[in-house]
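The values are calculated or read from the model by the stated rules, or taken from the named source; none is laboratory data. Note that the structure is predicted; figures quoted are calculated from it, not measured. For neighbour counting, all protein chains shown are included, and Cβ atoms are generated from backbone atoms with ideal geometry for every residue, glycine included. Protein only, heavy atoms only, side chains kept; ligands, DNA and RNA dropped before computing areas. Shrake-Rupley method; radii C 1.70, N 1.55, O 1.52, S 1.80 Å.
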Amino acid sequence: MEIIFMIVFVLILSSIFLHFVPIGLWISALAADVHVGIFTLIGMRMRRVPPSQIVLPLIKANKAGLNVNVNQLEAHYLAGGNVDKVVDALIASQRAEIGLPFERAAAIDLAGRDVLEAVQMSVNPKVIETPVVSAVAKNGIELRIKARVTVRANIDRLVGGAGEPTVIARVGEGIVTTVGSAEKHTDVLESPDEISKVVLGKGLDAGTAFEILSIDIADVDVGRNIGAQLQTDQAEADKKIAQAKAEERRAMAIAQEQEMKAYTQEMEAKVVEAQAEVPHAMAKALQEGKLGVMDYYNMMNVQSDTDMRNAISHAGKSDKIRGSESKII
């Protein structure tokens, strides 16, 4: 039992030792002529840094002839960076003869950008296809344009530079401005390359992480007649305004008519009221002696004569109307 216990104890100690002292990784580093001390590897374990993620990229960098050391790689790992991708980007930039120091590559990686993709894009430009951009010429015709933007990564502006969405937005703005300054949409259809020249000359890559190499118009379609549609909408709006004003005038006329009818009825009521007071006034005048009997009879004769004349006048008008109707028959 003691022998078995000793064997188990030795195995446990060996596993703990091999965990903290990666002998195999140390031997691989020595075989690759990369000098990494055994205590350095133990220190990585103590700092919770996987030694393989430092030593293997270091071996790769040493074989490529890069001047990097363990402390740089370990510090970048502790800062949250991707050590392997940074080393691959440094090797690719060295092969492409692009000046990319380790500090800048680490800063690009920590900024959240893919540093390896950026190096590859600086060697092999990328084509960005914009969405369909709707622009209207001065004659009111809409053009729907799609463009392809060829960009190359600018290593110096990757940290703090704007990304692809900014480039696409600026190109779309340039297309809208260029088409909007054209007198007719046919001018744009005849020479769409003018859009590329004008937009490219605006320096749209300023402040971005890219360098625009070319802007090519991929497709141009004729859309709606926006000018005619706007005129139609304006005419419809004017029509509704005119109808509203006419309705307002009609309502005012009806209100005035009702007001005049009320005024006329009020005056007629006052006349009737005044006529009703006449007999009382005449009776009072007779009683007080201010009006004689003969005066009253003379007044009644005059009133009767007036009524007779009115009756004759209305009768003459009626005869004329009947005569005209008989002629028509």
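Observations on the structure shown:
- Failed criterion for residue 215 (all others in (1) modelled with pLDDT of 80 or more; (2) out of contact with any helix residue (DSSP H, G or I) (no Cβ under 7 Å at 6 or more places or on another chain); (3) open to solvent by less than 90 Å² (accessible area, probe 1.4 Å) hold): (2)
Residues are listed down the side, and each one gets a yes or a no for (1) of a type outside the set (Lys, Arg); (2) modelled with pLDDT of 85 or more; (3) within 30 Å of residue 99 (Cα to Cα); (4) in a helix (DSSP H, G or I):
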| site | (1), (2), (3), (4) |
| --- | --- |
| 134 | yes, yes, no, no |
| 139 | yes, no, no, no |
| 165 | yes, yes, yes, yes |
| 168 | yes, yes, yes, yes |
| 186 | yes, no, no, yes |
| 204 | yes, no, yes, no |
| 230 | yes, no, no, yes |
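- Among the residues of segment 101-123, those that are surrounded by fewer than 22 Cβ atoms within 10 Å (Cβ to Cβ) and more than 36 Å from the chain's Cα centre (by Cα) comprise 101, 102, 103, 104.
- Every condition in (1) of a type outside the set (S, T, N, Q); (2) within 43 Å of the chain's Cα centre (by Cα); (3) open to solvent by less than 70 Å² (accessible area, probe 1.4 Å) holds for residue 255 except the one numbered (2).
- Candidate set: segment 109-132, residues that are among the aliphatic types (A, V, I, L, M) and part of a loop (DSSP other than H, G, I, E, B); chosen: the one modelled with the lowest pLDDT: 111
- In segment 43-100, residue least open to solvent (accessible area, probe 1.4 Å) [restricted to those that are closer than 15 Å to residue 29 by Cα and of a type in the set (D, E, K, R)]: 60
- Of the helices (runs of 4 or more DSSP H) lying entirely inside segment 1-95, those carrying at least 1 residues that are farther than 21 Å from residue 105 by Cα and modelled with pLDDT under 80 are 2-20, 23-31, 38-46.
- Of all the residues in segment 132-150, those that are basic (Lys, Arg) and either surrounded by 15 or more Cβ atoms within 10 Å (Cβ to Cβ) or free of Cβ contacts under 8 Å to residues at least 24 places away in the same chain (or both) number 2.
- Screening 194, 103 for residues that are in a helix (DSSP H, G or I) and without any contact (Cβ under 8 Å) to a residue 12 or more places away in the chain leaves exactly one candidate, 103.
- Residue 85 being within 30 Å of residue 186 (Cβ to Cβ) and of a type in the set (D, E, K, R): no
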